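The values are calculated or read from the model by the stated rules, or taken from the named source; none is laboratory data. Everything quoted here is computed from the prediction, not taken from an experiment. Because the Cβ atoms are built from the backbone with ideal geometry, glycine has one as well, and the counts that use them run over all protein chains shown. Surface accessibility is based on the protein's heavy atoms, side chains included, excluding ligands, DNA and RNA. Shrake-Rupley method; radii C 1.70, N 1.55, O 1.52, S 1.80 Å.
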Amino acid sequence: MSRGIELMQHALGINECHRQPYRNYFLAGDGHTDNSKWQVLVAEGLATSRPAPDFCGGGVIYHVTDKGMVLAISLYRDWE
């Protein structure tokens, strides 16, 4: 799950120095190596997915759910 958490943190644009999300998306093209990890997050209710618009060249756009956001941000609480 740690890689999944890292993916959610990346999608939200957060890290140990910047804990306030400023985006919420991850674009994965067809065959992207992280698609399977994102699908696990979707199945667990931590993310949603939808087809990417044509201007993006296809693929899937993933969004972190509120449940996923709480988890991704909470792991940085220990750094405070």
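For the reader, a short list of remarks on this structure follows.
- Residue pairs whose Cβ atoms lie under 9 Å apart, sitting 6 or more positions apart in sequence or on different chains, and linking a residue in segment 52-78 that is touching a residue at least 60 places away in the same chain (Cβ under 8 Å) and within 12 Å of Glu6 (Cα to Cα) to a partner that is exposed (fewer than 12 other Cβ atoms within 10 Å of the Cβ) and of a type outside the set (S, T, N, Q), are Gly68/Gly45; Tyr76/Glu16.
- Residues of segment 7-18 that turn out to be on the phi < 0 side of the Ramachandran plot and either at pLDDT 95 or above or surrounded by 15 or more Cβ atoms within 10 Å (Cβ to Cβ) (or both), as a count: 7
- Gly59 satisfies every condition listed in (1) out of contact with any Phe, Trp or Tyr (no Cβ under 8 Å at 6 or more places or on another chain); (2) open to solvent by 20 Å² or more (accessible area, probe 1.4 Å) except (2).
- The one condition in (1) on the phi > 0 side of the Ramachandran plot; (2) small (Gly, Ala, Ser); (3) surrounded by 14 or more Cβ atoms within 10 Å (Cβ to Cβ) that Ala47 fails to fulfil: (1)
- In segment 9-50, the residue that is nearest to Leu71 (Cα to Cα) out of those that are touching a residue at least 60 places away in the same chain (Cβ under 8 Å) and not in a loop (DSSP other than H, G, I, E, B) is Gln9.
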